[in-house]
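**Q** Starting off with a structure, shown below.
The values are calculated or read from the model by the stated rules, or taken from the named source; none is laboratory data. Since the model is a prediction, treat every value here as computed from it, not as a measurement. Please note: Cβ atoms are built from the backbone with ideal geometry, for glycine as well, and neighbour counts cover all protein chains shown.
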Amino acid sequence: MNRLSPAVHSPAAHSPAAHSPAALRLLATARAALREAQRADSAPERYATAHLAALRAAAAVLAARARPSDARARRPTSAWVLLTAVAPELGEWAAYFAAGADKRAAALAGLRSAATAREADDLLRDTTTFLALVETTLGLLPLHRAG
């Protein structure tokens, strides 16, 4: 992967989605969680924190693209299901991260065997890619990419 220098906004960044303060805050918290995951000592902690970073990146897309609806008529839905609805191009990523939700919950519960070092490292790498893709999807250039 190419390393991108600290970025400025792309021409697409002038879209309303890219200027959503909530989306920008969520992207910042996703980046912070990703850095925290990179520093985590244990595999379960690395896994859970990387998964949380991905969830925050998904929330940024939802904040930028989702439109209010009649919440009383709907059941609670996972962020991954909502992401697929508002950003179908991220549907495969949503399915991938949704499949890891139980593992994240086990890791957060303190189960030491929740994730192996390989699983945690793979998720960390995939979350880094996903975050860069989300930034691009929202019309921003990724601030940095590992790889």
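Condition check ((1) part of a helix (DSSP H, G or I); (2) of a type in the set (D, E, K, R); (3) modelled with pLDDT under 90) across all residues:
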| site | (1), (2), (3) |
| --- | --- |
| A12 | yes, no, yes |
| A22 | yes, no, no |
| Y47 | yes, no, no |
| A54 | yes, no, no |
| A58 | yes, no, no |
| V61 | yes, no, no |
| R67 | no, yes, yes |
| L82 | yes, no, no |
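**Q** Scan the stretch 24-45 for residues that are part of a helix (DSSP H, G or I), surrounded by fewer than 16 Cβ atoms within 10 Å (Cβ to Cβ) and over 16 Å from the mean Cα position of the chain (by Cα) and jot them down.
**A** R39
**Q** Now, a different point. Given the residues R112, R145, R118, which is the only one that is of a type in the set (K, R), modelled with pLDDT of 95 or more, surrounded by fewer than 23 Cβ atoms within 10 Å (Cβ to Cβ) and over 15 Å from A58 (Cβ atoms)?
**A** After applying the criteria, what remains is R118.
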